[in-house]
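Here the structure comes first, spelled out in structure tokens, and everything after it is commentary.
The values are calculated or read from the model by the stated rules, or taken from the named source; none is laboratory data. Just so it is clear, the model here is predicted, and its values are computed rather than measured. Here the Cβ is made from the backbone with ideal geometry for all residues, glycine too, and neighbour counts use every protein chain on show.
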Ligand SMILES: Nc1ncnc2c1ncn2[C@@H]1O[C@H](COP(=O)(O)OP(=O)(O)OP(=O)(O)O)[C@@H](O)[C@H]1O
Ligand SMILES: [Mg+2]
């Protein structure tokens, strides 16, 4: 039975049902769903703040639901640290003392915890604020302290439940960017909860989409946008500006034709005519790009009785990385009056626009 039916028949709310997914080392996995879909329940099952009825939650070979109390505490301490939506800082402690808190209760010696907390404050851009109190900081800065405190624990997995939801939109965007940078520097395995689709698409390596306590789709932002699992997901993503998420790679098409370095100008021109194009990419034996030959230049080569097209190649074409959002490419087209070829930097695969 699904959640509404269970509720009607039994008066009970289905928390989570049949959830199964992996979190890869170093990835930022987003759990996303509308309010009440079970996100917080799910993240609390991971560190067993909520007990599951059945199933396994395995980290480092340890099955969390079967751990005895002491082992569970140890497992939580070692593997999980949490960042909360409402920051949950101690108002009577300084920034530095807040960041040290986890280490302090673990009995880490003073000088060492001071250094670790200082380093993690530095990571989140709060150097110089060590002696301030939380009420002297903006919301965004307070959440940085929360993040620094979590990082100082150096747990395997960072759990972030709506960590940016209390921040206003601009600060929130900044924090998302910073989390991404932090993540690429530190490769911290992170489970991030949000009900905000843009946020999920912006920061997630993969997204687990929940509805009524069940998983509707797991996939990369691109997969969710291009291959929505069902009508629910389709409706969910309706208003999204895809060009900001989809990358150049998703728009690449194999080239219809290329010229070889050994081709003479007549052959190259012939190929262009065959395919109704006015310029052609020239590649070497290994299909590495040598340059672009335009029809005018090929004609000139014929007039000048050149056997080789190589001196007539131009490097005047734009290259973009495959992971560039399409949105950033549009400006490039309007910059150039004529429709020109655009190459996407992966050997032997170019897009023709
Ligand atoms: N302790 C509880 N006892 C009974 N039902 C609960 C309990 N905690 C949560 N629920 C119910 O479980 C469902 C999922 O709640 P949960 O807090 O996981 O949602 P969520 O996706 O985190 O929502 P939000 O975006 O609002 O934080 C809700 O219908 C909620 O009413
Ligand atoms: Mg929640």
Please go through segment 1-40 and pick out each residue that is exposed (fewer than 11 other Cβ atoms within 10 Å of the Cβ) and within 16 Å of ligand 2 (Cβ to nearest atom). 35
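For segment 78-87, give me each residue that is out of contact with any strand residue (DSSP E or B) (no Cβ under 8 Å at 6 or more places or on another chain) and modelled with pLDDT of 90 or more.
Taking segment 78-87 first, the residues out of contact with any strand residue (DSSP E or B) (no Cβ under 8 Å at 6 or more places or on another chain) are 78, 86-87.
The answer is 78, and nothing else.
Looking at 72, 34, 29, can you tell me which residue is touching a strand residue (DSSP E or B) at 6+ places or on another chain (Cβ under 8 Å) and not in a strand (DSSP E or B)? Spell out the reasoning first.
On the way: 72 fails: touching a strand residue (DSSP E or B) at 6+ places or on another chain (Cβ under 8 Å); 29 fails: not in a strand (DSSP E or B).
It is 34.
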Regarding residue 66, is this residue within 16 Å of ligand 1 (Cβ to nearest atom), under 20 Å from residue 15 (Cβ atoms), surrounded by fewer than 19 Cβ atoms within 10 Å (Cβ to Cβ) and without any contact (Cβ under 8 Å) to a residue 12 or more places away in the chain? no
Out of all the residues in segment 124-143, which are assigned to a helix (DSSP H, G or I) and more than 15 Å from residue 174 (Cβ to Cβ)? 134, 135, 136
Could you tell me how many of the residues in segment 37-63 are more than 12 Å from ligand 1 (Cβ to nearest atom) and assigned to a loop (DSSP other than H, G, I, E, B)? 10
Residue list for segment 80-103, restricted to those being surrounded by 17 or more Cβ atoms within 10 Å (Cβ to Cβ) and farther than 19 Å from residue 164 by Cα: 94, 96, 97, 100, 101, 102, 103
Scanning segment 155-166 for residues that are within 16 Å of ligand 1 (Cβ to nearest atom) and assigned to a loop (DSSP other than H, G, I, E, B), the one modelled with the lowest pLDDT turns out to be 166
Considering residues that are without any contact (Cβ under 8 Å) to a residue 60 or more places away in the chain, touching a helix residue (DSSP H, G or I) at 6+ places or on another chain (Cβ under 8 Å) and at positive phi, the number found within segment 42-63 is 2
